[in-house]
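Asker: Just passing along the structure, written as structure tokens.
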Amino acid sequence: MENYYDKMEKTLVNKNISYMNLDKESSFKIGESNELIGTFCSKLENVKKDEKIYTTIELFAGAGGLALGVEKAGFDTIGLIEIDKDASDSLKENRPNWNVINEDIANISCLNLEDYFNIGKGQLDLLSGGAPCQAFSYAGKRLGLEDARGTLFYHYATFLQKLQPKMFLFENVRGLLTHDKGRTYETITDIFKQAGYTIQKKILNAWNFGVPQKRERLIIIGIRTDLVDKVVFNFPKEHKYKPVLRDILLDCPKGPGVLYGENKRKIFDLVPPGGYWKDIDPEIAKEYMKSCWNMQGGRTGILRRMSLDEPSLTVLTSPSQKQTERCHPLETRPFTVRENARCQTFPDDWKFCGSVQSQYKQVGNAVPVNLAYEIALEIYKSLRGVE
């Protein structure tokens, strides 16, 4: 499988796929322009004159990491639902043509979805998204969809049952597998199967797919049972090159962010790149850590300064919580919103709306764009078997 990389070997476009025979300038790389990605997607549509354009609806869309990757793979987004106003505004700002629905999903899932989205049952190609992890009151009772009532997943499952898309992509944290002693995952998979889907699951680390960040996600792919003889899905292959912070930080545009207080900044000045609290005077560390000093475990997230020669740790929704600190490798400050966005492989001109704290939250909650693209591209190839 031949891949094309930019000069930094950051990100790739597979050239063996017929609709991807584009000029090299269309290759997507970390931090590349949102406008170029839009052009890239337009070129995909132009090239695919004789190929079907696949449709997708996304639930819990956030600020668009998953949606952008799915679009880049060649899908036409006909609806995105997101309750958070700032995240919805971000989607609208960057993609005015998208049908962004800023609404509580509970107010949508109860409707006639075929009429609402103007699409017949079984016609939608892909339902995507990931509901927050919640315990089920009736887990284990095998009541079908009723097992999930009262949770956000209930609405994802309702969309699935009502629209019967050909495939679905459900992403979540790795901890879903063990949440509530495994009962949550068991209930979810039972509901997927009862809705008429065969599922495949895998834990994917974004670092293996062109993302300069260690971020593990549980990916569940569903194929409608009447299509299992036609649709073959394979999870994406890992990249040979794994990007690190040196690839994205040195030329990163300036952006909004927060600063450390004077005392914290003085202590962080003592921490070397790649180091943490154990690399400074233990008395200073003990005074800073206070009650955390006696906690079990390595506490490696406290007073952690990143290294240019390593990937970022998982990008979080807050830049300066004591137990999950991520200090810039070269400067004594947290990462900016834009630096975190680069770690998530958003293009540099993808705008985030709302307060600085809201922007950090939107970026931290997102699916890395490059990871989303790799998965969606495999789904696209799978759907071609239905034609």
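Asker: What about residue 331, is it of a type outside the set (Val, Ile, Thr), modelled with pLDDT of 90 or more and either in contact with a Lys or Arg (Cβ under 6 Å, 6 or more places away or on another chain) or not assigned by TED's automatic domain parsing to the domain that holds residue 231 (or both)?
Answerer: Answer is yes for this residue.
Asker: Next question, about the same structure. One residue is enough: does segment 329-338 have a residue meeting the conditions surrounded by fewer than 17 Cβ atoms within 10 Å (Cβ to Cβ), touching a Gly at 6+ places or on another chain (Cβ under 8 Å), touching a residue at least 12 places away in the same chain (Cβ under 8 Å) and not in a loop (DSSP other than H, G, I, E, B)?
Answerer: No; the residues of segment 329-338 include none that is surrounded by fewer than 17 Cβ atoms within 10 Å (Cβ to Cβ), touching a Gly at 6+ places or on another chain (Cβ under 8 Å), touching a residue at least 12 places away in the same chain (Cβ under 8 Å) and not in a loop (DSSP other than H, G, I, E, B).
Asker: Anything in segment 273-302 that is surrounded by 11 or more Cβ atoms within 10 Å (Cβ to Cβ), in a loop (DSSP other than H, G, I, E, B) and either among the basic types (Lys, Arg) or at pLDDT below 85 (or both)? List them, or say none.
Answerer: The answer is 295, 299, 300, 301.
Asker: Take the residues in segment 188-238 that are of a type in the set (Ser, Thr, Tyr) and more than 16 Å from residue 177 (Cβ to Cβ), then tell me which one is surrounded by the fewest Cβ atoms within 10 Å (Cβ to Cβ).
Answerer: 225
Asker: Continuing with the same structure: Among (1) farther than 30 Å from residue 171 by Cβ; (2) in a helix (DSSP H, G or I), there is one condition residue 270 misses while meeting the rest; what is its number?
Answerer: Single failed check for residue 270: (2).
Asker: Say we look at segment 339-365 and pick out the residues that are surrounded by fewer than 24 Cβ atoms within 10 Å (Cβ to Cβ) and small (Gly, Ala, Ser); which of these is nearest to residue 277 (Cα to Cα)?
Answerer: Per the criteria, the residue is 364.
Asker: How about segment 210-254: which of its residues are assigned to a loop (DSSP other than H, G, I, E, B) and farther than 27 Å from residue 175 by Cβ?
Answerer: Within segment 210-254, 228, 229, 230, 231, 232, 240, 241, 250, 251, 252, 253, 254 meet the criteria.
The values are calculated or read from the model by the stated rules, or taken from the named source; none is laboratory data. Quantities reported herein were computed from a predicted structural model and do not represent experimental measurements. Ideal geometry is used to build each Cβ from the backbone, glycine not excepted, and the neighbour counts take in all protein chains shown.
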